[in-house]
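Structure record follows, encoded as structure tokens.
Read-outs throughout are calculated quantities, based only on the coordinates presented, and are distinct from any laboratory measurement. Note that the coordinates shown come from a computational prediction; the quantities given were computed from them, not determined experimentally. For neighbour counting, all protein chains shown are included, and Cβ atoms are generated from backbone atoms with ideal geometry for every residue, glycine included.
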Amino acid sequence: MNLLLLPKHLQDLISEFNVEHRPLMHVVMDELNRYWILRIEKDKDCNNCLNYADEQYSKYILWSKYNFCGEWCRHDFEYHLRKNYRDDQKRQTLRR
Ligand SMILES: [Zn+2]
């Protein structure tokens, strides 16, 4: 949707809700963004529940490394990942 096609008063109303137009929120969003990138780079999040991951529960599943906070999250994530992979494989063989 092109907002520039709307009347000016509606454009102004919509832009009030954009956090990047508020100077203080811009600082907060920058800080959140830096924090998020830092967390992703260090791979500290559990891939299942987004809590802090523990290195001892990290595991390679289907050629990718995943981090988990505990045994339950590792099992739950692996179950659903493998199930989705199998379902995708079945769908692809049915298409052929
Ligand atoms: Zn977890």
Check your understanding: Evaluated at 25 °C with a viscosity of 0.890 mPa s, what Stokes-Einstein diffusion coefficient in µm²/s does the stretch 44-96 have when Rh comes from the Kirkwood expression over alpha-carbon pairs?
Key -> 209 µm²/s
Point to revise | Loop-located GluC sites (Glu not before Pro) in the stretch 6-76 whose Cβ has at most 14 other Cβ within 10 Å (DSSP) | key: GLU16
Review point. Which FRET efficiency value, to the nearest 0.05, do you get for ARG22 and ASP54 by plugging their Cβ-Cβ distance into 1/(1 + (r/R0)^6) with R0 = 41 Å?
Key: 0.60
Point to revise | Cα-centred dipole magnitude for the stretch 44-96, charges only on beta-carbon of K, R (+1) and D, E (-1), debye, nearest 20 | key: 520 debye
Point to revise | Unmatched cysteines, the chain - criterion: no other Cβ of a Cys under 4.7 angstrom | key: CYS49, CYS73
Exercise for review: Quick one: how many lysine pairs does the chain have with C-alpha atoms less than 27 Å apart and a gap of 8 or more or different chains? Give me the count, please.
Suggested key: 9
Check your understanding: From largest to smallest, what semi-axes in whole angstrom does the chain give when each is the square root of 5 times an eigenvalue of its alpha carbon gyration tensor?
Key -> 40, 24, 10
